[in-house]
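Single-structure report; data block below.
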Amino acid sequence: MSKNKILVADDESRMRKLIKDYLVREDYEVVEAENGEQALDMFYMDSDISLIILDVMMPKVDGFAVLKEIRETSSIPVLMLTAKGEENDVLNGFELGADEYINKPFSPKILMARVNAVLRRSSDDSLGKKVVEAGGIQLDVDAHVATNDGNPVELSVKEFELLYYFINNEGIALSREKILNHVWDYDYFGDARTIDTHVKKLRSKLDDKGNYIKTIWGMGYKFEVDAKV
């Protein structure tokens, strides 16, 4: 089996080396980009890249612009790095389709845990049943394709996993903590509002059927098909 290839895009050479060293120890193949423009070039040229670790503050093209362009054509997992740690930056990244967000400085062990979790959850075998459907929404896990009444819906990896989890727990009230533990697949140290951001994006992409995702105030969410939709 070939190694998973990860693109590390950061303008700091020492940071790239640190990340690369830990990834190589975990038996990943690593390619590097020193700015956003180079990151996009490498993404378009290399179809074997499995995940992108993307710094926000880079010259030529910043990480947000890179992510936005990638999301126009691909649902490849993207893990964002930032030195700012400001809430608006984190929410902006998730709004644009980031799958994970880590603030600098970070623990390399935590970074590796998140990389492993994202790749594990994005693999076909990790999601179990291959096709699920509810109220006209269908998810094909093998093809990583979502459709709404037969029309394709472009979802990021994390949005796909969240919708999959909702459908498989239709009618069950789910706390934010439970959603984090199951969808993010590890002890998540960020704010639970991460879920709210992803739910907002899902509702928008599902059009009227976004109403299937009900808010339970003070607790979390419940996916429930509404016959009127």
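The values are calculated or read from the model by the stated rules, or taken from the named source; none is laboratory data. Predicted, not measured: the structure shown is a model, and the values here were computed from it. FYI the Cβ positions are ideal-geometry reconstructions off the backbone, even for glycines, and counts take in every protein chain you see.
Among the residues making up the range 110-129, a single one is modelled with pLDDT under 85 and farther than 18 Å from Glu161 by Cα: Ile110. Within the range 61-97, the set of residues being part of a loop (DSSP other than H, G, I, E, B) and in contact (Cβ under 8 Å) with a residue 40 or more places away in the chain comprises Ser75, Ile76, Pro77, Gly97. The single residue among Glu26, Glu12 that is surrounded by fewer than 17 Cβ atoms within 10 Å (Cβ to Cβ) and touching a strand residue (DSSP E or B) at 6+ places or on another chain (Cβ under 8 Å) turns out to be Glu12.
Selection over the range 72-109 of residues that are at pLDDT below 80, out of contact with any Ser or Thr (no Cβ under 8 Å at 6 or more places or on another chain) and hydrophobic (A, V, I, L, M, F, W, C) gives a count of 1.
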